[in-house]
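Below: the structure, in structure tokens.
The values are calculated or read from the model by the stated rules, or taken from the named source; none is laboratory data. Because the structure is a prediction, the values reported are computed rather than measured. Here the Cβ is made from the backbone with ideal geometry for all residues, glycine too, and neighbour counts use every protein chain on show. Just the protein is used for accessible areas: all its heavy atoms, side chains included, with ligands, DNA and RNA removed. Shrake-Rupley method; radii C 1.70, N 1.55, O 1.52, S 1.80 Å.
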Amino acid sequence: MNQPANPPLSIDQQLALRTAAANLQEQFAGVFGPETIERFLTSSYDQFADSSAIPTFLPLLAERFARQRLHALARVEGRAGNGKPIVLFLCVHNAGRSQMAMGFFQHLAGDAAVAWSGGSEPGSQVNPAAIEAMRERGIDISAEFPKPWTDEVVRAADVVVTMGCGDACPFYPGKRYVDWVLDDPAGKSVEQVRPVRDEIERRVRDLLASLRVPLSA
């Protein structure tokens, strides 16, 4: 497959990307061809190449992001779909508010709905205070990573929840948008993040109720 030219890839990274491409081709067999899958994997890798704090994990991040984007594209193009509502949570850095919202949504909805998240200016890692505040509620978001939004992801969502990204948030006519005004957890202690976390949980519960999604937790 065509590899990103910058930064240079180690042999291990090249092997990891080939494995990622094989995994995605197996998963999306009959839905997308190898060329589409490789294009999405390469562009997903490029999204993180300049900002990732741990280059070793780049192929894994690229595979996870490419998988989400391909699922979204399949839904947009009518190639696949399970009828589950999809909610996209957007903020600036995708490191605090949107990650906590996605964590609550996934925890409370279980398999009955899908949550994605993204940022207008993705950070390099999820806010440690947000991770700890969510851990206090029994929800682990430490494996998540800041990511941008892409056209197909926004188009596939049934509801787009924005949190502080303002005019940078993507807008598509006819799509349901909800704007949540919340304090940014960036630079705050765990103690200061807790009220934001609790307000996010309340709003996520209300959102799930409006979508008629039964709570699994």
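Would you calculate the separation in nanometres between label points at Asp140 and Val181, each defined as 7 Å from the Cα along the Cα-to-beta-carbon direction?
Each label point lies 7 Å from its Cα, and together they span 3.8 nm.
Is the shape of the stretch 64-217 best called rounded, prolate or oblate, per the rule: a/c under 1.5 gives rounded, else a/b larger than b/c gives prolate, else oblate, with a ≥ b ≥ c the square roots of the Cα gyration tensor eigenvalues?
prolate
Under 22 Å between alpha carbons, and skipping anything fewer than 8 positions from Lys175 in its own chain: which lysines qualify?
Lys84, Lys147
Hey, in the chain, which Cys have no second cysteine's beta-carbon closer than 4.7 Å?
Taking the Cβ cut-off of 4.7 Å, the unpaired cysteines of the chain are Cys91.
If each residue of separation counts as 0.36 nm, what is the full-extension length gain between Phe171 and Ile11 once their alpha-carbon separation is subtracted?
In short, 53.5 nm is gained.
So how much accessible area does Met102 have, in Å² to the nearest 10, using a 1.4 Å probe?
10 Å²
Order the peptides 30-36, 18-24, 82-88 from the highest to the lowest mean number of other Cβ atoms within 10 Å of their residues.
The most tightly packed comes first, giving 18-24, 82-88, 30-36.
Fully extended, how many nm does the chain gain between Arg212 and Asp46 (0.36 nm per residue separation, minus their Cα-Cα distance)?
So the chain would gain 56.0 nm between Arg212 and Asp46.
Starting from the stretch 127-180, pick out the trypsin sites (Lys or Arg not before Pro) whose DSSP state is loop and whose Cβ has at most 15 other Cβ atoms within 10 Å.
Arg137, Lys175
In square angstrom, rounded to the nearest 10, how much accessible surface does Phe48 have for a 1.4 Å probe?
Counting only protein heavy atoms, the figure is 10 Å².
For every helix of n ≥ 4 consecutive DSSP H residues, a contribution of -39,500 (n - 2.57) applies; sum these over the chain, divide by its total residues, and give [θ] at 222 nm rounded to the nearest 500 deg cm²/dmol.
When only DSSP H runs of four or more count, the value is -15000 deg cm²/dmol.
Calculate, for the stretch 8-108, the solvent-accessible area per residue in square angstrom, rolling a 1.4 angstrom probe over the heavy atoms of the protein chains.
Per-residue accessible area for the stretch 8-108 comes out at 44 Å².
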